[in-house]
Amino acid sequence: MKEEPLYFNLQPFSLVTTSLLLSLPLAGSLNLGTPVAAENTNINDSEEASYFWQKNNQTEAEQHLQQGIRQFRRGQFQDALTSYQQALVIYRELKDKLGEAATLNKIGEVYLNLGEYPKALESLQQALTIQQAIEDSTGQAATLNYLGVVYHRLGDYFQALDLHQQALDI
């Protein structure tokens, strides 16, 4: 590869500064030593590949989740459900419990809006179990509220009230 010459506009510099600049070697000819990552023997190719695989999949899961949220807001519940399920598969592969619980919450919300209450309860219970295990109090409160809404729609007002109270107590 042919190197292009490096030109500076040296007019605004003093004679001393110009001399110093011209005496410096070009960046391509500098010996900057070994890159830091290559010096670190704790990092190997498989760890680096694993990191990038995780990062790419995390991004993909988040994109599916955000797409589902947009679809849900437009009333496209079946499309939102598909997007959420795609995100859920990835979060589970990544063992990302927080992402998994949030996605299960969203799936429960879709089923709630579709009137499929047993499926909503199933998803929300799964989310709540994970949130309790990872001590996600904010997620627990949201899930308990959704569960309260489901039980309200099922006509079990005492259970609904109890769940809403649990959410308030968190």
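The values are calculated or read from the model by the stated rules, or taken from the named source; none is laboratory data. Source: prediction; values computed, not measured. With ligands, DNA and RNA removed, areas are computed over all heavy atoms of the protein, side chains included. Shrake-Rupley method; radii C 1.70, N 1.55, O 1.52, S 1.80 Å.
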Q. When all alpha-carbon pairs of the stretch 48-159 are counted, what percent fall beyond 23 Å?
A. 28 percent
Q: Give the Rg (one decimal place) followed by the Dmax (whole number) of the stretch 107-170, computed from C-alpha coordinates and expressed in Å.
A: 10.9, 31
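How large, in Å, is the stretch 54-118 by the Kirkwood hydrodynamic radius built from its alpha-carbon pairs? Mind showing how you got there, number by number?
Working: mean 1/r = 0.0872 Å⁻¹.
After inverting the mean inverse Cα-Cα distance, the result is 11.5 Å.
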Q | Accessible surface of the stretch 57-152 [probe 1.4 Å, protein heavy atoms]: carbon and sulfur percent | A | 48 percent
Q: Report the accessible area of His152, computed with a 1.4 Å probe over the heavy atoms of all protein chains in place, in Å² rounded to the nearest 10.
A: 100 Å²
Q) Using heavy-atom solvent-accessible surface (probe 1.4 Å) with all chains present, what is the largest-first order of Ile69, Ile170? A) Ile170, Ile69
